[in-house]
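Written below as structure tokens is the structure these notes are about.
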Amino acid sequence: MATSFRSIGLLLVVCLSGLVSAGEPTIPVGAARVDITPDYAVRLSGYSSRRTPFESVAQRIWAKALAIGGDGGEGPAVLLTVDNCGVPAALVDRAWPRLQQLGLRRERLVVCSSHSHTAPWLIGFAPFLAQDELPADEQEARERYTRQLTDWMVEAVAKALARRAPAHLSWTQGEVGFAANRRVMKDERWTGFGVQADGPVDHRLPLLVARSADEKPVAVWANYACHCTTLGGDFNQVCGDWSGYAQECIEADFPSATALVSIGCGADANPEPRGRLEYAEQHGRALADEVKRLLAGPLRPLPPQIDCRRKQVELPFGELPSRAAWEEAARAGGSRGLHGRYFLNLIERGEPVPAALPYPIAAWKFGDALSMVFLPGEVVVDYATMLNQRHGADRLWITAYANDVPCYIASKRILREGGYEADQSMIFYGRPTRLAPEAEDIILQTVAELLPK
Ligand SMILES: [Zn+2]
């Protein structure tokens, strides 16, 4: 009885103040970062127009790990954020035996890419995002960096696990305004890239903070739905873009904290304005200012356990192209030719053209207080809108570019409207064709299974 009265008392303190009470239950939390800036010539990824390795380093880039929970029970949950355009699932698979040795379970690890277009191109990511095959020395450098990054990711996780100490978890949501819908529309059809001022966009900034026993933030994790593309293809320097500057500013504001940034359903949103390094800094500062404002106000406490689930599904592609269509594509130059020749060779070797995309969906549940959903790929804003409607925007956090970046994940609406996110981008990603509309139903249904009421 005494315990329940004490719990009710604690709950009242929490509800009345809205702040995390020092008497709240704690959970072991550790955070760490590893510098992943290349110190040799390697090609950056994200724009097919680049033809040479990077010229210089505008900003250091990082792999950061946040480990939550002790070794008992299901073990810790680990978030790993990487300043990169896309960390493929195959790379995580390569690191997995070593991560498993650290005591991790697969459903309790999430690897998030920042989708910065100014970081090295990894083996297995968007294979045809180039005009031609890479020269041998660049191919070698790309293999070297991919190997190194695998080691650095394991190192970041090991360090975060080793640093775990009792902390309180809490969260809240704010808003940042620099994401702009980039699909310029006319008569309900996609016409090109630009700013579509009345197009849908998700400006919410969910924020999780872990505070040590002395109330100092040890980790700050923010999630924002916007492409990490303030810098264009003409900018050939290593940089974390707005996400890198946001992390840098948060860590300057809160020197005790490791700052982690993940990306929401921002596949059809670009930062606005864009095209200059000072705009990337400006967006990063705007996000960090909102974090500072939120951390000065009330936060909602989170229970000290996380229920983690993961389910692999298959998203069907639409009708596959005919052999004649592949033959025609194979004669083209640039990415389209590389893509066409790849699939024509596949057919000539008698191998099947994939009819579906393997798609692992994960969810982390903090009791009834907060549910996090992790979706692979470049997920468009409609998924945030639909999932928020179904599961409640006040307790849902949606991260995209998580556990894999296999291609864009278009919604039924975007498949109807057509354009880059539905079709052209699938060439760069080496997918045979667009997704089928049923992909949307499968994603929504799987999230509902992972987040039962
Ligand atoms: Zn993208």
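Counting only strands (runs of 3 or more DSSP E) wholly contained in segment 344-453, the ones carrying 1 or more residues that are touching a Gly at 6+ places or on another chain (Cβ under 7 Å) occupy 396-399. For segment 362-418, which positions are closer than 17 Å to Val78 by Cα and among the acidic types (Asp, Glu)? Within segment 362-418, Asp404 is the sole residue that qualifies.
In the set Arg293, Arg274, only one residue is of a type in the set (Lys, Arg) and surrounded by fewer than 19 Cβ atoms within 10 Å (Cβ to Cβ); that residue is Arg293. Can you say whether Thr172 is of a type in the set (Ser, Thr, Tyr), assigned to a strand (DSSP E or B), within 24 Å of Gly377 (Cα to Cα) and away from the ligand (no atom under 16 Å from the Cβ), as far as the supplied structure shows? Spelling it out, it is not the case that Thr172 is of a type in the set (Ser, Thr, Tyr), assigned to a strand (DSSP E or B), within 24 Å of Gly377 (Cα to Cα) and away from the ligand (no atom under 16 Å from the Cβ). Among the residues that make up segment 411-419, is at least one of them closer than 26 Å to Asp93 by Cα and modelled with pLDDT of 95 or more? No. Can you confirm whether segment 179-195 contains a residue that is crowded, with 22+ Cβ neighbours inside 10 Å, within 16 Å of the ligand (Cβ to nearest atom) and farther than 30 Å from Asp394 by Cβ? No, every residue in segment 179-195 fails to be crowded, with 22+ Cβ neighbours inside 10 Å, within 16 Å of the ligand (Cβ to nearest atom) and farther than 30 Å from Asp394 by Cβ. Here is a check on your reading of the model: is Tyr420 within 16 Å of the ligand (Cβ to nearest atom) and either without any contact (Cβ under 8 Å) to a residue 40 or more places away in the chain or open to solvent by 10 Å² or more (accessible area, probe 1.4 Å) (or both)? Considered against the rule, which asks whether it is within 16 Å of the ligand (Cβ to nearest atom) and either without any contact (Cβ under 8 Å) to a residue 40 or more places away in the chain or open to solvent by 10 Å² or more (accessible area, probe 1.4 Å) (or both), Tyr420 comes out as yes. Per this entry, Ser335 is not counted among residues that are polar (S, T, N, Q) and within 24 Å of Ala219 (Cα to Cα). Scanning segment 305-320 for residues that are assigned to a loop (DSSP other than H, G, I, E, B), open to solvent by less than 40 Å² (accessible area, probe 1.4 Å) and not aliphatic (A, V, I, L, M) gives a single hit, Gly318.
Just one of (1) at positive phi; (2) open to solvent by less than 10 Å² (accessible area, probe 1.4 Å) fails for Gly73. It is (2). The residue of segment 200-230 that is most open to solvent (accessible area, probe 1.4 Å), among those that are within 16 Å of the ligand (Cβ to nearest atom) and in a loop (DSSP other than H, G, I, E, B), is Val201. Answer yes if at least one residue in segment 341-350 is away from the ligand (no atom under 16 Å from the Cβ) and crowded, with 20+ Cβ neighbours inside 10 Å, and no otherwise. Looking for residues that are away from the ligand (no atom under 16 Å from the Cβ) and crowded, with 20+ Cβ neighbours inside 10 Å, one finds at least one in segment 341-350, hence yes.
All told, Leu338 falls short of being open to solvent by less than 40 Å² (accessible area, probe 1.4 Å) and without any contact (Cβ under 8 Å) to a residue 24 or more places away in the chain. The set of residues from segment 38-63 being more than 16 Å from the ligand (Cβ to nearest atom) and farther than 20 Å from Glu248 by Cβ comprises Tyr40, Ala41, Val42, Arg43, Arg51, Thr52, Pro53, Glu55. Scanning segment 423-453 for residues that are polar (S, T, N, Q) and within 16 Å of the ligand (Cβ to nearest atom) yields Gln424, Ser425.
Can you find, within segment 101-128, the residue that is nearest to the ligand (Cβ to nearest atom) among those that are aliphatic (A, V, I, L, M) and open to solvent by 20 Å² or more (accessible area, probe 1.4 Å)? Going through the qualifying residues, I end up with Ile123.
Only one of the listed residues (Gly240, Gly264, Gly233) is more than 23 Å from Tyr383 (Cβ to Cβ), within 16 Å of the ligand (Cβ to nearest atom) and out of contact with any Lys or Arg (no Cβ under 7 Å at 6 or more places or on another chain). That residue is Gly240.
Put simply, of Val238, Val261 the only residue that is out of contact with any helix residue (DSSP H, G or I) (no Cβ under 9 Å at 6 or more places or on another chain), crowded, with 21+ Cβ neighbours inside 10 Å and modelled with pLDDT of 95 or more is Val238. Per the listing Ser371, Ser411, the residue uniquely of a type in the set (S, T, N, Q), open to solvent by less than 30 Å² (accessible area, probe 1.4 Å) and over 20 Å from Ala179 (Cα atoms) is Ser371.
Is it fair to say Ala158 is closer than 23 Å to Ser45 by Cα, away from the ligand (no atom under 16 Å from the Cβ), buried (at least 18 other Cβ atoms within 10 Å of the Cβ) and not polar (S, T, N, Q)? Criteria not met by Ala158.
The values are calculated or read from the model by the stated rules, or taken from the named source; none is laboratory data. Values in this document were obtained by computation on a predicted structure and should not be read as measured data. When we count neighbours, we look across all protein chains shown, and the Cβ atoms used for this are built from the backbone with ideal geometry, even at glycine. Areas reflect the complete protein model, heavy atoms only, side chains present, ligands, DNA and RNA absent. Shrake-Rupley method; radii C 1.70, N 1.55, O 1.52, S 1.80 Å.
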